[in-house]
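First the structure, in the form of structure tokens, and then the observations on it.
The values are calculated or read from the model by the stated rules, or taken from the named source; none is laboratory data. Since the structure is predicted, the reported quantities are computational estimates derived from the model, not experimental observations. A quick note on method: Cβ atoms are made from the backbone with ideal geometry, for glycine too, and the neighbour counts reach across all protein chains shown.
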Amino acid sequence: MQGRSPFLIVANRLPVDRAEEGTWRRSPGGLVTAIAPVLQRREGAWIGWHGAPDERLEPFDHDGMHLIPVPLSDSEVELYYEGFSNATLWPLYHDVVAPPVYSRVTWEAYRTVNERFARATAESAAENAVVWIQDYQLQLVPAMLRKLRPDLRIGFFLHIPFPPVELFSQLPWRREIVEGLLGADLVGFQRPGGASNFVRLCRLLLGLQHQKHEIHLDGRVVRAGAFPISVDFGELDSLVREPHIIERAKEIRAELGDPECMLLGVDRLDYTKGIAQRLKAFEELLCEGSIKAGEAAFVQIAPPSRERVEEYGRLRDSIDRQVGRINGEQGEFGLQPVQYMHQSYGREELASLYLAADVMVVTPLRDGMNLVAKEYIACHNDLRGALVLSEFAGAADELRQAFMVNPYDIDGLKRMMLTAMRATPHDLSRRMRSLRRRVATYDVDRWAKGFLAALEA
Ligand code: ADP
Ligand code: G6P
């Protein structure tokens, strides 16, 4: 077992993928943002796919992390990643906001790839190692891994919502997925509701006994629990105190024509994020004259994601059209009300954007947590800034002082956006102080320590 790791993160994606020039850059999404600092602080390795098909790579080190690539063929990318993970599980777990595709072919690929991840993990783990498996792409790995290596401590964390039994039951392979998860010693969810859904499912579907959130099977106990994920508060908080970030934030506002109010959205281009709803609310506010184009600028950052999945292509076309219409109808020469960017940005540019924005608009139709909301808060030690937050984001449980909205209710959203834009400095600082207290206390380090302590107990 020499050269094997005592601690392993297993996720579909490695924390890096290839930039166009062939260099490595951070891969997208909340999972990577949250877990990368955990591994950097603890000796171990990360097992995952590096984002390109048909390429075998040797393990390598990057940014203080030891990375072990798992290859995917072109057809596996299509069937396992784009297919079962992102055209079946993703919409099913997000309240069916898009119709899930049920296909036996993609299910087979999901099983095959999960088996490969389980084998790669079994070969890389030291005796009695702690293995932490991440997210919906790898739900069969816990049971597969336990079969190969019963000595391991296995944790699983789901970064996205876990649906109610009534929705989950649509899945033709529901039993296999639940049995897969039950291979873990600890199954973690973002919200208490997710953990309860899972325990209820174990009882109703598999007839298993449980005491509260402890499920009994085969002489073992599997625990389920809520561990709301968070951000590296300290990193962002010190970043926005740097003079060059403060300067860049001012520059961003100047580039926008120094509007009275800058609104910001930062999301992967995903149909769960409610981008169309927030733009519609903004468009109507402009149209009816509640706000003027020069008075407010809306910056929407939305790097394209999972582009070959049909629903994502459709979404991209429709947001492109919507932005074009708003700017065409509401803009003036040299003045576009919506700035729409597809790029990925580094941490510094993102922090500058958060710092520059007066109103952060986070309106998912359903979201496991939403780290963007917490990142915005971490960037506002100036106690300025308003967070408009969907009640359907996991973050809504903790961030009660945000301006809460139901993104399906466009009139309500308009009202709350206006309220946030016009709030007094006193009201904003009162809310922001309380929001910051929460995020500073429950940061990503505390989240990871909490999960791992429960797993290793
Ligand atoms: P999800 O995990 O669904 O993508 P989250 O809001 O939880 O949503 O996490 C998104 C993460 O991706 C955040 O850490 C955010 O800073 C990062 N991110 C989003 N858009 C960009 C972008 N354009 N450039 C760089 N990072 C981004
Ligand atoms: C969310 C998911 C992650 C995923 C990320 C980016 O955060 O929970 O598992 O990695 O989105 O999506 P992608 O499909 O590009 O990996």
task = Could you grab me the full set of residues in the stretch 219-241 that are under 17 Å from the mean Cα position of the chain (by Cα), among the aliphatic types (A, V, I, L, M) and farther than 15 Å from residue 437 by Cα?
result = 226, 229
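Please go through the stretch 252-273 and give me each residue that is away from ligand 2 (no atom under 16 Å from the Cβ), in contact (Cβ under 8 Å) with a residue 12 or more places away in the chain and of a type outside the set (Val, Ile, Thr), ordered by number. Quick ask: steps written out before the conclusion?
Residues of the stretch 252-273 that are away from ligand 2 (no atom under 16 Å from the Cβ), as a first pass: 252-265.
Checking which are in contact (Cβ under 8 Å) with a residue 12 or more places away in the chain leaves us with 252-253, 256-257, 259-265.
Residues satisfying the conditions are 253, 256, 257, 259, 260, 261, 262, 263, 264, 265.
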ask   = Out of all the residues in the stretch 242-264, which are closer than 18 Å to residue 420 by Cβ and touching a Leu at 6+ places or on another chain (Cβ under 8 Å)?
value = 262, 264
Total residues in the stretch 314-337, condition without any contact (Cβ under 8 Å) to a residue 60 or more places away in the chain, surrounded by 14 or more Cβ atoms within 10 Å (Cβ to Cβ) and more than 16 Å from ligand 1 (Cβ to nearest atom) = 7
query = Among 252, 229, 245, 291, which is within 24 Å of residue 424 (Cα to Cα), within 16 Å of ligand 1 (Cβ to nearest atom) and of a type outside the set (Lys, Arg)?
reply = 252
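Considering only residues that are part of a helix (DSSP H, G or I), over 25 Å from residue 287 (Cα atoms) and within 16 Å of ligand 2 (Cβ to nearest atom), which ones fall in the stretch 311-352?
Kept after step one, since they are part of a helix (DSSP H, G or I), are these residues of the stretch 311-352: 311-330, 347-352.
Restricting the remaining residues to those that are over 25 Å from residue 287 (Cα atoms) gives 311-314, 347-352.
311, 312, 313, 350 - these are the residues of the stretch 311-352 that are part of a helix (DSSP H, G or I), over 25 Å from residue 287 (Cα atoms) and within 16 Å of ligand 2 (Cβ to nearest atom).
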remark   = Taking the stretch 123-152 and the residues there that are of a type outside the set (Gly, Ala, Ser) and closer than 16 Å to residue 38 by Cβ, the one that is nearest to ligand 1 (Cβ to nearest atom) would be 135
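Quick one: count up the residues across the stretch 398-414 that are assigned to a helix (DSSP H, G or I), surrounded by fewer than 22 Cβ atoms within 10 Å (Cβ to Cβ) and touching a strand residue (DSSP E or B) at 6+ places or on another chain (Cβ under 9 Å).
So the first thing to find is which residues in the stretch 398-414 are assigned to a helix (DSSP H, G or I), and the list is 410-414.
If we keep only those that are surrounded by fewer than 22 Cβ atoms within 10 Å (Cβ to Cβ) too, we end up with 410-412, 414.
Okay, now just the ones that are also touching a strand residue (DSSP E or B) at 6+ places or on another chain (Cβ under 9 Å), so 412.
Qualifying residue count, the stretch 398-414: 1.
Just a yes or no: is a residue in the stretch 262-280 at pLDDT 95 or above and more than 27 Å from the chain's Cα centre (by Cα)?
no
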query = Is there any pair linking a residue in the stretch 22-34 that is touching a residue at least 40 places away in the same chain (Cβ under 8 Å) and assigned by TED's automatic domain parsing to the domain that holds residue 449 to one that is acidic (Asp, Glu) and more than 10 Å from ligand 1 (Cβ to nearest atom), with Cβ under 8 Å and at least six apart or on different chains, and which?
reply = 25/17
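Any idea how many residues of the stretch 120-159 are among the aliphatic types (A, V, I, L, M), within 14 Å of ligand 2 (Cβ to nearest atom) and farther than 18 Å from residue 43 by Cα?
First pass over the stretch 120-159, keeping only residues among the aliphatic types (A, V, I, L, M): 120, 122, 125-126, 129-131, 133, 138, 140-141, 143-145, 148, 152, 154, 158.
Imposing the further condition that a residue be within 14 Å of ligand 2 (Cβ to nearest atom) reduces the set to 133, 138, 141, 158.
Within this subset, residues satisfying the condition of being farther than 18 Å from residue 43 by Cα are 138, 141, 158.
Count: 3.
Give the stretch 70-100 a look and list any residue that's under 12 Å from residue 271 (Cβ atoms) and assigned to a loop (DSSP other than H, G, I, E, B), or say none. Please lay out each step first, then the result.
Within the stretch 70-100, the first condition is being under 12 Å from residue 271 (Cβ atoms), and the residues that meet it are 86-87, 90-91, 94-99.
Once the filter is applied, which keeps residues that are under 12 Å from residue 271 (Cβ atoms) and assigned to a loop (DSSP other than H, G, I, E, B), the stretch 70-100 yields 94, 95, 96, 97, 98, 99.
For every residue, the table says whether it meets (1) under 18 Å from residue 263 (Cβ atoms); (2) at pLDDT below 95; (3) among the aromatic types (Phe, Trp, Tyr); (4) in the same structural domain as residue 299 (by TED's automatic domain parsing).
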| position | (1), (2), (3), (4) |
| --- | --- |
| 378 | no, no, no, yes |
| 383 | no, no, no, yes |
| 394 | no, no, no, yes |
| 411 | yes, no, no, yes |
| 416 | yes, no, no, yes |
| 451 | no, no, yes, no |
task = Can you give me the number of residues within the stretch 38-52 that are over 14 Å from residue 159 (Cβ atoms), in a strand (DSSP E or B) and within 15 Å of ligand 2 (Cβ to nearest atom)?
result = 3
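Do the conditions hold for residue 102, that is, is it farther than 24 Å from residue 55 by Cα and touching a residue at least 60 places away in the same chain (Cβ under 8 Å)? Break it down into steps so the answer makes sense when it comes.
Values: farther than 24 Å from residue 55 by Cα: yes; touching a residue at least 60 places away in the same chain (Cβ under 8 Å): yes.
Yes: the conditions hold for residue 102.
Which residues, taken from the stretch 1-37, are β-branched (Val, Ile, Thr) and either part of a loop (DSSP other than H, G, I, E, B) or more than 15 Å from ligand 2 (Cβ to nearest atom) (or both)? So that I can check it myself, show each step before the final result.
Initial filter on the stretch 1-37 (β-branched (Val, Ile, Thr)): 9-10, 16, 23, 32-33, 35.
Residue satisfying the conditions is 23 alone.
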task = Could you pull out the residue among 390, 352 that is buried (at least 19 other Cβ atoms within 10 Å of the Cβ), of a type in the set (Ser, Thr, Tyr), farther than 30 Å from residue 227 by Cβ and within 13 Å of ligand 1 (Cβ to nearest atom)?
result = 352
